[in-house]
Amino acid sequence: RVTEARAVMLSRRQRLTGLVGDLLDSSRLQSDRMPVRPVPLALAAVVHDGTESFRPAAKEAGIRLEVDVQGNLECHADADRIKQAITNLLSNAMKFTPAGGNVSVQAEALNGHIRIKVHDSGVGLTSAQAARLFKPFEQVHEAQVRNKGGSGLGLYIARGIVELHGGRIWVESPGPGLGSA
């Protein structure tokens, strides 16, 4: 029982630490004080590192996780913040993809920019849900989130990080049950 109780406490501590971190980052974004320290960066390593941390959870959930980094992608960015944005996007994709589904991360050079795309075969979105997706504390699949955790800040923070790097973020979904990117 002690081992089981310890595991529960560690899990709850991790969840609380994550929630506090999200609240702090949200506050920093709203006050224009989120630190971003861009340096020359080989993006492939950041994409792979951010994705690899999800392999055990994907395997346990029966989700196929793929990574495709095309070419030698170099940019000027904050590696930790870019990894944070990728992991926030992946976390969301994993939450809403059922067993037997797919989640993929692609990175490529496109028209002088770098595009990182997280695609899932999950529950998809209506256009009304897509319009609310990157707002703070928005949970467009409320009933499912209660069972899977989530603060409603991860995608908002991802958007802020992308915009602080001069990029843009959006969602595309053909509709409910058809996944999203």
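Results, tabulated for the structure shown:
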item: Selection from the stretch 102-122 of residues that are open to solvent by 60 Å² or more (accessible area, probe 1.4 Å), touching a Lys or Arg at 6+ places or on another chain (Cβ under 7 Å) and either over 13 Å from G50 (Cα atoms) or among the basic types (K, R) (or both); result: N102
item: Number of the condition not met by R64 [criteria: (1) free of Cβ contacts under 8 Å to residues at least 40 places away in the same chain; (2) over 17 Å from the mean Cα position of the chain (by Cα); (3) open to solvent by 70 Å² or more (accessible area, probe 1.4 Å)]; result: (2)
item: So D78, is it out of contact with any Phe, Trp or Tyr (no Cβ under 8 Å at 6 or more places or on another chain), under 15 Å from L164 (Cβ atoms) and either acidic (D, E) or open to solvent by 40 Å² or more (accessible area, probe 1.4 Å) (or both); result: yes
item: Set A181, A99, A158: member being modelled with pLDDT of 90 or more and surrounded by 17 or more Cβ atoms within 10 Å (Cβ to Cβ); result: A158
item: Residues (small (G, A, S) and under 13 Å from L43 (Cβ atoms)) located in the stretch 67-121; result: G71, A77, A79, A85, A107, A109
item: Criterion (within 14 Å of the chain's Cα centre (by Cα) and assigned to a loop (DSSP other than H, G, I, E, B)) met by exactly one of T51, T97, T87; result: T97
item: Enumeration of residues in the stretch 51-66 that are among the charged types (D, E, K, R) and either closer than 15 Å to I86 by Cα or out of contact with any strand residue (DSSP E or B) (no Cβ under 7 Å at 6 or more places or on another chain) (or both); result: E52, R55, K59, E60, E66
item: Residue list for the stretch 73-84, filter: part of a strand (DSSP E or B) and touching a residue at least 60 places away in the same chain (Cβ under 8 Å); result: A77
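The values are calculated or read from the model by the stated rules, or taken from the named source; none is laboratory data. What you see is a predicted model; the values in this text were computed from it and never measured. FYI the Cβ positions are ideal-geometry reconstructions off the backbone, even for glycines, and counts take in every protein chain you see. Quick note on the areas: whole protein, heavy atoms, side chains included, nothing else; ligands and nucleic acids left out. Shrake-Rupley method; radii C 1.70, N 1.55, O 1.52, S 1.80 Å.
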